[in-house]
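The values are calculated or read from the model by the stated rules, or taken from the named source; none is laboratory data. Note that the structure is predicted; figures quoted are calculated from it, not measured. Methodologically, a virtual Cβ is constructed for each residue, glycine included, from the backbone with ideal geometry; neighbour enumeration extends over all protein chains shown.
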Amino acid sequence: MADESLLSEDLLRQLMSVGEADLLVAIPTYNNAGTIAQAIQSIEDSYQQNFVRDRVAILNVDGGSSDQTQQIIASLNGKKDSIRRGITSLRTVHRITTQYGRSPSQGSALKVVFSAADLLRVKACAVVSPATTSLDPAWAANLLRPAYRQDFAFVAPLYSRSKFQGLLARNLLYPMSRAVFGVRIREMYADEWGFSGRLASECGSQPMDEAVRARPEAWMAVNAICNGMKCSQSYLGPRTTVPSGGPDIVETIRQTVGNLFYCCDAFQDHWLDRNGTESVQTFGSDHELTPEDAPPRPDKSFELFRNGFQTLQDAVLKSILAKDTLAQLKQIAAMDIDKFDFPSELWVRVLYDFAAAYHRTAISRDHILQALVPLYRGQLFSFLADHAQSTPEEMEADTEALCLEFERQKPYLIERWKAKS
Amino acid sequence: MKDAIVQGLQQAYQNMSQMIAQFLPRLVVMLVIVLTGVLVAYAFKYAARMILRLTKLDRLSEEAGASKVLRMAALPSMTEVLSRSVFWITLLGFILIGISVLNIAGLQEQIARLLRLLPEIVVAMLILFLGLVIANFLSRAVLLGSVNRGYGSAMLFSWSVRFIIWILAITMALDELSVARQTVLAAFSIVFGAFMLGLAIAFGFGGQDLARKFLERSLAEKKTDDSDELQPL
């Protein structure tokens, strides 16, 4: 059921004037004056080209932009009846806009989207990021279609990536979420995704924990998996974004790995007795990698790993890691930079120890996540050194081997998970 | 003259012998009481531990979130904390009884005063416990923050925070007990002031370059193309 208390009177009026809709694309904004017009245009084009007979709406949820974002959206709304080129929709593309707070929060924005979707009784929704500059009219269609026409509850994107892009997802988020939840969704942590009205209703009726508010899309995917709903992935193409700085690696790990560990904890009944993995239906080409020159050797990462490990091993890591894991880390931290290698077997054990420590709150959960950062830097250094000259195919093979290592060691995770201390 | 000295010495010797003769049995009694106290305290500790384990207090404490607080302070489980408290309270009680057997003038009164101070002692212990929890939590937060930003003196920063909070907690606890209130406050002001002044001088004179670099780094626009932090998602 929609939580109407989340909706302002103005938003309720706008939703009531729309009535019902089949499709909804939401754009959470915060100071996106530079790109918002292009994003809205792209979605409208997508509706015009792909959903001519369907009732469609665009919902902008703003987190309190202080730039011209709201004014630009208002000016676009004034032109909504302008004559368009080519194929035109038989129905009006409704534009709804609202502000949910004075500071940006993806979770709060999504709660408003859930409520609006429920009130409009939409069949499929998509969320797109206005920071994506490569947003194409096909994107919204590719995210909406599987949920609208084929009964998929969650639609993850697939991007074409350069070799050294998305390494946290490649080395941690994808293999671990795949091994734990048993579903091979490549991009569970993305800024664009699609979902069915039913999943919106299911997620809208649940409280959203603080741990998942920054990256609610992965929580939605896990919800779909654990509720037995069908998931899929759609190829979107290469993704470029506005160079806005974005969160640093510490914040990114807090948001994404924190989200993953929280989902492991919250949905443990689903995965503790489950083995193996299932692939999901993929629309369009599979995950694509484009060749790229190797980045400069990140010696700084190695130094941050070694110094961080030495400083934290007694004060923090001792409370998180198993004795054997800590001993092996000590050995590799003592290696010379030119011979340094972070074995994938050890990396998997480290992550499983961290997940178990998070589960039993060995120390503050936020501190557990922060303590992972130096170890991730060590693994990143090792990975980049190994793959400086690798072809995309070799990198993919390596990722698959890592995924299998995560699956092979899942009993270790379960053992650590169930241990009392 | 000589006789008077010998007589005086004899008198002193007799008095001392008499005092020792009177005191020694009391001392032995006190030692017996304290020894018994140790045994009883151990027995109580193990009994308390068993009962608390049977009642599954740790699980309740986990559910209530109290275990998290204890872990944050690097303290053992709730069962262990309570059974150890039972041990020390029992032992303290026996020690007080033992001391009262010694019948030393003024000591009885001090013990009675100590008992009257019991509520303040509990509050002071609570303050120290909270101080310990906060000091451990914040010092670890500073340690992790410094390590992840690549600062060289992460341990120093962390220990500085821990030290400041400990000093503050001890001062507040002593203030609660009204122990040399003025002196403690003055000592705290001096120690804290000296520490901050030391830091200010060290940073201002010794680390001008470091300060300049730090401010430049903090105020400059964030770089996103560090080789260390390739686009992670």
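Can you confirm whether A:GLY284 is more than 12 Å from chain B (Cβ to nearest Cβ) and either among the aliphatic types (A, V, I, L, M) or touching an Asp or Glu at 6+ places or on another chain (Cβ under 8 Å) (or both)? Against the criterion (more than 12 Å from chain B (Cβ to nearest Cβ) and either among the aliphatic types (A, V, I, L, M) or touching an Asp or Glu at 6+ places or on another chain (Cβ under 8 Å) (or both)), A:GLY284 does not qualify. Against the definition (in a loop (DSSP other than H, G, I, E, B) and touching a residue at least 40 places away in the same chain (Cβ under 8 Å)), how does A:MET220 come out, yes or no? When the stated conditions are applied, A:MET220 does not pass them. Residues in the range B:95-148 that are touching a Phe, Trp or Tyr at 6+ places or on another chain (Cβ under 8 Å) and acidic (Asp, Glu): 0 in all. When A:THR241 is tested against the conditions (1) farther than 28 Å from A:GLU415 by Cα; (2) away from chain B (no Cβ under 14 Å); (3) surrounded by fewer than 20 Cβ atoms within 10 Å (Cβ to Cβ), the lone failure is (2). Out of the residues in the range A:244-278 that are within 30 Å of A:LYS300 (Cα to Cα) and of a type in the set (S, T, N, Q), state the one that is farthest from the other protein chains (Cβ to nearest Cβ). If we take residues in the range A:244-278 being within 30 Å of A:LYS300 (Cα to Cα) and of a type in the set (S, T, N, Q), then A:ASN259 is farthest from the other protein chains (Cβ to nearest Cβ).
The criterion of being at pLDDT 95 or above, over 13 Å from B:LEU144 (Cβ atoms) and crowded, with 20+ Cβ neighbours inside 10 Å does not hold for A:VAL373. Considering the range B:132-145 alone, what residues qualify as being within 8 Å of chain A (Cβ to nearest Cβ) and in contact with a helix residue (DSSP H, G or I) (Cβ under 6 Å, 6 or more places away or on another chain)? Matches in the range B:132-145: B:PHE137, B:ARG140, B:LEU143, B:LEU144.
When the range B:90-128 is filtered for residues that are farther than 17 Å from B:VAL28 by Cα and assigned to a loop (DSSP other than H, G, I, E, B), the ones remaining, listed by number, are B:ALA105, B:GLY106, B:LEU117. For the range A:287-303, the condition of being within 22 Å of A:LEU380 (Cβ to Cβ), more than 10 Å from chain B (Cβ to nearest Cβ) and either assigned to a helix (DSSP H, G or I) or free of Cβ contacts under 8 Å to residues at least 12 places away in the same chain (or both) holds for at least one residue. Only a single criterion out of (1) within 12 Å of chain B (Cβ to nearest Cβ); (2) in a helix (DSSP H, G or I); (3) free of Cβ contacts under 8 Å to residues at least 40 places away in the same chain is not satisfied by A:LEU380, namely (3).
A:THR391 meets each of the listed conditions (1) more than 26 Å from A:ALA333 (Cβ to Cβ); (2) under 21 Å from the mean Cα position of the chain (by Cα) apart from (2).
The number of residues in the range B:147-178 being part of a helix (DSSP H, G or I), surrounded by fewer than 20 Cβ atoms within 10 Å (Cβ to Cβ) and either facing another protein chain (nearest Cβ under 8 Å) or of a type in the set (Phe, Trp, Tyr) (or both) comes to 5.
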